[in-house]
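The values are calculated or read from the model by the stated rules, or taken from the named source; none is laboratory data. Please read all numbers here as calculations on a predicted model, not as lab measurements. All Cβ positions, glycine included, derive from the backbone under ideal geometry; neighbour counts span all protein chains shown. Ligands, DNA and RNA are excluded from the accessible area calculation, which covers all protein heavy atoms including side chains. Shrake-Rupley method; radii C 1.70, N 1.55, O 1.52, S 1.80 Å.
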Amino acid sequence: MLRQRTIKNLVKTTGVGMHSGRRVEITLRPAQANTGIIFHRVDTPEVVDLPALADKVGDTRMASVLQNGNVRVSTVEHLMSALAGLGIDNIHVDLNAEEVPIMDGSAGTFVYLLRSAGIEEQDAPKRFLRVLKTIEVQDGEGENAKWARLEPYAGFSLAFSINFHHPAIDSTASFAEVDFARDSYTREIARARTFGFAQEVEAMRAHGLARGGSLDNAIVMDEFRILNSDGLRYDDEFVKHKILDAIGDLYLIGHPLLARYVACKSGHALNNKLARTLLSQPDAYEIITYDSAAAAADAVSQDWRLA
């Protein structure tokens with residue numbers, strides 16, 4: 001059978017929170033089969049568990065934020081994206097602050113960390129969520145409309161369109177599409193960095209956001225150009241980062257998806273609404289397993305190899 005996966009060894013690192021600006025230590029630990037992905041705040045008087053599930057998201061301003069009462073874990077999407085990209089089902093994530101560290105603004109560091117820990121199969125079938133009918137959510141009307149959709153599909157593919165009306169972004173590709181069965185997550189998506197605009201930084205910081213942002217962990221632009229001296233990692237890095245985020249947001253559904261995701265100008269809020277809408281309709285999906293990798297050929301990412 002196609003089996004669930006966790007990491008072999010405990011691994012940890014430190015970084016800074018993109019929005020809080022605080023130094024954070026993150027520890028990744030193996031988890032038993034059928035545990036899922038669970039974040040733990042270990043800096044609180046008693047450890048607080050925050051399962052990585054769509055209905056536990058309490059805030060979507062500039063990030064996906066898990067919440068349990070008054071305890072939060074912010075900016076989970078990049079780590080969640082790396083876990084989805086490497087096919088990891090079960091893991092414990094310990095944090096000594098309220099935000100996952102931003103690292104270099106992509107999922108690349110988390111991919112490296114997870115592969116350093118090693119990946120192993122477990123004695124339990126991997127469970128996929130297969131979308132059975134199209135689900136769509138929308139915000140706004142006309143030219144300002146943002147939307148996201150999940151369609152039935154044999155594997156997992158994502159197609160994304162952006163439109164920012166900014167010279168630096170408009171000069172790159174505004175559309176990208178990836179298919180987990182064909183394209184390498186680690187090569188094509190994982191290193192795409194988050195991005196923002198210098199003129200918006202002060203306003204964001206006044207609202208408690210982007211306090212840890214810098215040229216070291218984001219693509220930053222003024223009114224006309226990219227300010228990073230090293231330029232872009234991909235010719236279409238902006239739209240690919242939106243795909244990276246969507247992969248992480250959708251993994252909060254709780255299982256790897258068998259679906260085609262298509263979106264235009266979507267973000268964390270719409271992605272979470274799409275996940276919740278899907279899960280609220282039991283006739284729109286089913287949970288399945290595969291007897292063999294061969295039977296799951298279209299569903300298995302080429303990056304789901306043991307490392």
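How big is the charge dipole of the range 3-126 about its Cα centre, in debye rounded to the nearest 20, if each Lys and Arg gets +1 on its Cβ and each Asp and Glu gets -1 on its Cβ?
In total the dipole reaches around 200 debye.
Listed here are the pairs 12/240; 8/265; 12/265; 12/273; 12/133; which of them are more than 29 Å apart at the Cα?
Over 29 Å Cα-Cα: 8/265; 12/265; 12/273; 12/133.
Counting only protein chains, not ligands or nucleic acids, how are 255, 166 ordered by accessible area (probe 1.4 Å), most first?
So the residues, ranked largest to smallest area, are 255, 166.
I'd like the carbon and sulfur percentage of the solvent accessible area for the chain, probe radius 1.4 Å, heavy atoms only, ligands and nucleic acids excluded.
Roughly 47 percent of what the probe reaches on the chain is carbon or sulfur.
Run through the DSSP bridge list for the chain and note the antiparallel percent, rounded to the nearest 5.
70 percent
With each run of n ≥ 4 DSSP H residues scored as -39500 (n - 2.57), what mean residue ellipticity at 222 nm is computed for the chain after dividing by its residue count and rounding to the nearest 500 deg cm²/dmol?
-5500 deg cm²/dmol
Relative contact order for the chain: what percent, with Cα pairs under 8 Å and sequence separation of 6 or more?
27 percent
Set Lys and Arg Cβ to +1 and Asp and Glu Cβ to -1, take the dipole of the chain about its Cα centre, and tell me which of 152, 254, 75 lies farthest positive.
Result: 254, furthest along the dipole toward the positive end.
Pick out the long, greasy-scoring helices in the chain: whole DSSP H runs spanning 15 Å or more along their own axis by Cα, mean Kyte-Doolittle at least -1.0.
237-250, 268-279
Sort 182, 260 from largest to smallest accessible area, using a 1.4 Å probe on the heavy atoms of the protein chains.
The ranking, largest first, comes out as 182, 260.
Over the alpha-carbon set of the chain, work out the extent along each principal axis and list the three values in angstrom, largest first.
54, 47, 36
So, counting K/R as plus one and D/E as minus one, what does the shell of residues with Cβ under 12 Å around residue 274 add up to?
0
Heavy atoms of the protein only, probe of 1.4 Å, neighbouring chains included. What is the accessible area of residue 134 in Å², nearest 10?
For residue 134, solvent-accessible area is about 80 Å².
Restricting to the range 128-305, compute how many DSSP beta bridges are antiparallel as a %, nearest 5.
For the range 128-305, the DSSP antiparallel bridge percentage is about 65.
How many Å² of accessible area per residue for the range 20-103, probe 1.4 Å?
Per residue, the range 20-103 has 36 Å² of solvent-accessible surface.
What relative contact order, as a whole-number percentage, does the range 128-305 give when Cα pairs under 8 Å and 6 or more residues apart are counted?
40 percent
Can you give the accessible area of residue 287, probe radius 1.4 Å, in Å² rounded to 10?
Its heavy atoms expose roughly 80 Å² to the probe.
When the solvent-accessible surface of protein heavy atoms is calculated with a 1.4 angstrom probe, in what order do 80, 103 fall, highest first?
Result, largest first: 103, 80.
Quick one: accessible surface of residue 141, probe radius 1.4 Å, all protein chains present, in square angstrom to the nearest 10.
Using a 1.4 Å probe on the heavy atoms, I get roughly 140 Å².
Over the range 1-56, what is the relative contact order in whole percent, taking alpha-carbon pairs under 8 Å and six or more residues apart?
Averaging sequence separation for qualifying contacts and normalising by length gives 25 percent for the range 1-56.
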